[in-house]
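S.K.: Quick one: the structure is below, questions incoming.
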Amino acid sequence: MRMRWLALLFLPGVLFGDCGVERWPVKVGSDPDAVLVNSLVAVPTTIEYLRSLAAPRPLPQMGRVSPTETTVFDVSARLVAFKAEDDGDYHLVLADALGRTIIGEIPSVTCAGGSAFAALLTVARVSFDRRVCGDLVLSGGFGAGRDSWGGVL
């Protein structure tokens, strides 16, 4: 099945408590560099390739590191686990056919005020809420550098 997603993309949350903090403007597209992301063009790639990318240093709180964070990636993956965080975000564990994984994130729409991607985030959340298991083709996630993901599944 093919679904359009904007994943890996922080105003106080109404439904979930406080919104995220770590690079929140970059994740939701409210940073000044969000205009550099062409959400209409997706570059096909693999989990193997995304895992090979070196984490940029330093990671700016209010800007993107080009080209990874300004590129929309089209990735085929299987959703193997997810966790709804206290701030309303969904953390997704995505795997390829060989079991290599990456972490994706769909931010809470209620925490995405001023987002250049608000409509896409809404579609991603609604689609995910309707279909939370099975084979998915994820299309439209942009790279967002992180130091680590401390969530426990």
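The values are calculated or read from the model by the stated rules, or taken from the named source; none is laboratory data. Everything numeric here is computed off the predicted structure, so don't read it as measured data. Positions of Cβ are generated from backbone atoms using ideal geometry, with glycine treated the same way; all protein chains shown enter the neighbour counts.
Yes/no matrix, rows are residues, columns are (1) surrounded by fewer than 13 Cβ atoms within 10 Å (Cβ to Cβ); (2) farther than 24 Å from ASP129 by Cβ; (3) within 15 Å of the chain's Cα centre (by Cα):
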position: VAL41; (1), (2), (3): yes, yes, no
position: ILE47; (1), (2), (3): no, no, yes
position: ALA55; (1), (2), (3): yes, yes, no
position: GLU69; (1), (2), (3): no, yes, yes
position: ARG100; (1), (2), (3): no, yes, no
position: ILE103; (1), (2), (3): no, no, yes
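S.K.: Determine if region 105-125 includes at least one residue that is surrounded by fewer than 17 Cβ atoms within 10 Å (Cβ to Cβ) and hydroxyl-bearing (Ser, Thr, Tyr).
M.R.: Taking every residue of region 105-125 in turn, at least one turns out to be surrounded by fewer than 17 Cβ atoms within 10 Å (Cβ to Cβ) and hydroxyl-bearing (Ser, Thr, Tyr).
S.K.: Looking at region 105-153 only, could you name the residues that are modelled with pLDDT under 50 and in contact with a Cys (Cβ under 7 Å, 6 or more places away or on another chain)?
M.R.: None - no residue of region 105-153 is modelled with pLDDT under 50 and in contact with a Cys (Cβ under 7 Å, 6 or more places away or on another chain), so the list stays empty.
S.K.: So which residues in region 14-39 are surrounded by 15 or more Cβ atoms within 10 Å (Cβ to Cβ), within 20 Å of ASP89 (Cα to Cα) and in contact with a helix residue (DSSP H, G or I) (Cβ under 6 Å, 6 or more places away or on another chain)?
M.R.: Selection gives CYS19, ASP31.
S.K.: Next question. Within region 83-98, how many residues turn out to be surrounded by fewer than 18 Cβ atoms within 10 Å (Cβ to Cβ) and more than 15 Å from GLY20 (Cβ to Cβ)?
M.R.: 4
S.K.: Sticking with this one: Check ASP87, ASP74 and return the single one that is assigned to a loop (DSSP other than H, G, I, E, B) and under 23 Å from ARG131 (Cβ atoms).
M.R.: Sole residue among the options that is assigned to a loop (DSSP other than H, G, I, E, B) and under 23 Å from ARG131 (Cβ atoms): ASP87.
S.K.: Based on this model, can you work out whether GLU85 counts as within 18 Å of TRP24 (Cβ to Cβ) and either among the charged types (D, E, K, R) or modelled with pLDDT under 90 (or both)? It would help to see each step written out before you state the result.
M.R.: Numbers: within 18 Å of TRP24 (Cβ to Cβ): yes; either among the charged types (D, E, K, R) or modelled with pLDDT under 90 (or both): yes.
So GLU85 fits the description; yes.
S.K.: Okay, next question. If you take the residues of region 63-85 that are in contact with a helix residue (DSSP H, G or I) (Cβ under 7 Å, 6 or more places away or on another chain) and of a type in the set (A, V, I, L, M), which of them is nearest to THR101 (Cα to Cα)?
M.R.: Applying the filter and picking the extreme gives ALA77.
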